[in-house]
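Participant: First the structure, which I've put down as structure tokens, then a few questions once you've had a look.
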Amino acid sequence: MQSPNNASYFTTLFKNKYIFGVIASVIVLTFGFFKTIKSSSDNDKSDNNSNKNKDENINKIRKQHQDDILDELKEEINKLKPTNIESDNKNNNNNNNNNNNNNNNKNINKNINNINNNNNTKNKTNIKTNNKNISQHNNNNTENKKDIELITLPHQILYQIFESISPQDFTNCSKLNKKWNSVLTKLDKCWIHYSIDRWNLHQTYPFEENRNKNKEYFKKKYLEEKKRLGFKPEQYIVSIMSECSEFTEPGRWKSEKIINPNGSWWRKRFIEEMSKGLTMTTFILNHNNNNNNKNDDDQEIEDDEEEEEVGLNSRCATGNIVLNGKVNTPIGAFRFIDKEDALLKFNGDQWLEKHYSDSPYAGEVVGYFNFSLFPLDCDDELFQPYSSQIVEFLRVLTFGTRGTVTRLKTQYSVQSIVFEQCTLSSIFGKYGFNDGDALLDTDITSNYIVSLIEEIQNFLDKRGVGVNAIEGGAKVVYTDKTSHNPIRYSGHLSKESLQLQINLWIYNSVILQSKRLWNRRLED
């Protein structure tokens, strides 16, 4: 038998059956909702995995088709024949190439989209269309580049371009084809520029306005130059200065310098003055200065010219150095070279810069004496019989020219006159100035001796030991009654004063001791 409390509970529950139904409905609905959500989540995961696999397969197919299409495009483009294009307009090339690339990219993008639609037939059509577009663009580029061909530019622009290249390169350009040859041959201003730049002929040559005249003139001058400069240099070269020693009569060459400043006066002076000083050797000039290696152009020039100047009047004067009384016994060979020809022949050689002197007793370079002395390269046994003749020749040569001597093989140079620091004890006395050999001149009336005496006297006076500074001081005097040093002094000079040093222009009397220059010591 139930207790009253339990009976009342169920009685109350049944009385509120509506509340019970609501609670049961909520429980059922909640369970169904969660089950539905779980099922939906599982379906979504399954769908995502399926879609992902599908996308990967599509991408693989798309990439494979892209690679196939690009390979086909490359093969088709490689089959296209290259077109011969001549153009120097780089900007137009870049623009046209960019247009081609843009159009190609557009067409490739179309092909890729068509691949996604699995339209193989249409892709092949697009490939053909793309190749056709490429061919059309190439044809258009060819036509545009031909229209702006370099040679069709105005002559003023062409002149600015071609004046910066050498005449040889300019000639090579004219050989490119008939059109280039026709235009460049008429570009006469370039030939005028080359002539002025190479030979400085703007004052000596009246340039023609007629076409081809200046080209022919340049060709003639160039072949003449080639004929003069196509020689193998001798071993040594010495610069001949304008103020070199004048063993001949004073003022002998003044008139010829004025009348013929660029002529052969310096060659004549050199031979005459050297001959005055040489006793064991002499010069024999060659009267046939033509080179053995002649080409057709050289022969053509000879046929057109009048009889060629020979001897010292020729710019190609050559000869032999022989023993006195033995004309058939040459010990050396020589060649005169004009200053302008030396600059062209030895252009870029460092020794050229060393042949310019700051000495007021040297002047400027007027020409070059290129020579070899055969015994210098022999052993001592063969050299000794000619040593005295060679020493005398080189002593007179270096003293007379006042120039710089260079051994061309090594480009080693030594100056004949130097600005030397000398003590007073080495200047005065019987054996001063290396027994007088270091003096550039010994004539009391020469500018050198007059200036030398004045310079030394001023030095003594400034040091307070000269006659003009102190009573009984030293006075520089000149004596001509000696074969030794003519520079002496009167008065008093202490031993300390004789150790004073002064800078003077003197002859480099130890130049023959240079083993590096002459390949042996010629004097001790």
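The values are calculated or read from the model by the stated rules, or taken from the named source; none is laboratory data. Fair warning: this is a prediction, and the values are worked out from it, not measured in the lab. Counting neighbours? That spans all protein chains shown, and the Cβs are built from the backbone with ideal geometry, glycine included. Protein only, heavy atoms only, side chains kept; ligands, DNA and RNA dropped before computing areas. Shrake-Rupley method; radii C 1.70, N 1.55, O 1.52, S 1.80 Å.
Participant: Cβ-Cβ under 6 Å, sequence separation 6+ or interchain: first residue in the range 158-181 and free of Cβ contacts under 8 Å to residues at least 60 places away in the same chain, partner open to solvent by 50 Å² or more (accessible area, probe 1.4 Å). Which pairs?
Facilitator: Pairs that qualify, where the first residue is free of Cβ contacts under 8 Å to residues at least 60 places away in the same chain and the partner is open to solvent by 50 Å² or more (accessible area, probe 1.4 Å), are 159/189; 163/193; 174/181.
Participant: Residue 444 is checked against (1) closer than 19 Å to residue 360 by Cα; (2) in contact with a strand residue (DSSP E or B) (Cβ under 6 Å, 6 or more places away or on another chain); (3) among the hydrophobic types (A, V, I, L, M, F, W, C); (4) surrounded by 14 or more Cβ atoms within 10 Å (Cβ to Cβ) and fails just one. What number does that condition carry?
Facilitator: Only one criterion in (1) closer than 19 Å to residue 360 by Cα; (2) in contact with a strand residue (DSSP E or B) (Cβ under 6 Å, 6 or more places away or on another chain); (3) among the hydrophobic types (A, V, I, L, M, F, W, C); (4) surrounded by 14 or more Cβ atoms within 10 Å (Cβ to Cβ) is unmet by residue 444, namely (4).
Participant: Out of (1) crowded, with 17+ Cβ neighbours inside 10 Å; (2) closer than 30 Å to residue 442 by Cα; (3) at pLDDT 70 or above, what's the single condition that is false for residue 242?
Facilitator: So residue 242 meets the others, but not (1).
Participant: Condition (residue is at pLDDT 70 or above, assigned to a loop (DSSP other than H, G, I, E, B), within 24 Å of the chain's Cα centre (by Cα) and on the phi < 0 side of the Ramachandran plot) applied to the range 210-230: is it met by at least one residue?
Facilitator: The answer is yes, given that some residue of the range 210-230 is at pLDDT 70 or above, assigned to a loop (DSSP other than H, G, I, E, B), within 24 Å of the chain's Cα centre (by Cα) and on the phi < 0 side of the Ramachandran plot.
Participant: Looking at the range 245-278, which of its residues are within 35 Å of the chain's Cα centre (by Cα) and either open to solvent by less than 60 Å² (accessible area, probe 1.4 Å) or at pLDDT 70 or above (or both)?
Facilitator: Within the range 245-278, the subset within 35 Å of the chain's Cα centre (by Cα) is 260-267, 270.
Passing the criteria: 263, 264, 265, 266, 267, 270.
Participant: Within the range 410-426, which residues are crowded, with 22+ Cβ neighbours inside 10 Å and under 15 Å from residue 452 (Cβ atoms)? Step through it out loud before you land on a result.
Facilitator: Of the residues in the range 410-426, the ones crowded, with 22+ Cβ neighbours inside 10 Å are 416-417, 424.
Listed by number, the residues that qualify are 417, 424.
Participant: With respect to residue 495, is the statement that it is more than 30 Å from residue 373 (Cα to Cα) and open to solvent by 50 Å² or more (accessible area, probe 1.4 Å) true?
Facilitator: yes
Participant: Same structure again: Which one of 468, 458 is farther than 22 Å from residue 400 by Cβ, surrounded by fewer than 16 Cβ atoms within 10 Å (Cβ to Cβ) and touching a helix residue (DSSP H, G or I) at 6+ places or on another chain (Cβ under 7 Å)?
Facilitator: Result: 468 is the single residue among 468, 458 that is farther than 22 Å from residue 400 by Cβ, surrounded by fewer than 16 Cβ atoms within 10 Å (Cβ to Cβ) and touching a helix residue (DSSP H, G or I) at 6+ places or on another chain (Cβ under 7 Å).
Participant: Across the range 369-409, which residue is nearest to residue 332 (Cα to Cα) among those that are open to solvent by less than 50 Å² (accessible area, probe 1.4 Å), aromatic (Phe, Trp, Tyr) and under 40 Å from the mean Cα position of the chain (by Cα)?
Facilitator: Among those residues, the one meeting the criterion is 371.
Participant: If you scan the range 344-368, which residues turn out to be outside any loop (DSSP other than H, G, I, E, B) and open to solvent by less than 10 Å² (accessible area, probe 1.4 Å)? Steps first, answer last, please.
Facilitator: Start the filter on the range 344-368 by keeping residues that are outside any loop (DSSP other than H, G, I, E, B), which leaves 344-345, 350-355, 365-368.
Selection gives 351, 355, 365, 367, 368.
Participant: Something else: Filter the range 498-519 for residues that are open to solvent by 30 Å² or more (accessible area, probe 1.4 Å) and under 30 Å from residue 375 (Cα atoms) and give the result. Walk me through it before giving the result.
Facilitator: As a first pass, look at the range 498-519 and keep what is open to solvent by 30 Å² or more (accessible area, probe 1.4 Å): 498-501, 503, 505, 510, 513, 515-516, 519.
Matches in the range 498-519: 510, 513, 515, 516, 519.
Participant: Six or more apart or on different chains, Cβ under 8 Å: which pairs go from a residue in the range 466-484 that's among the charged types (D, E, K, R) to one that's at pLDDT below 90? Could you list them?
Facilitator: 480/444
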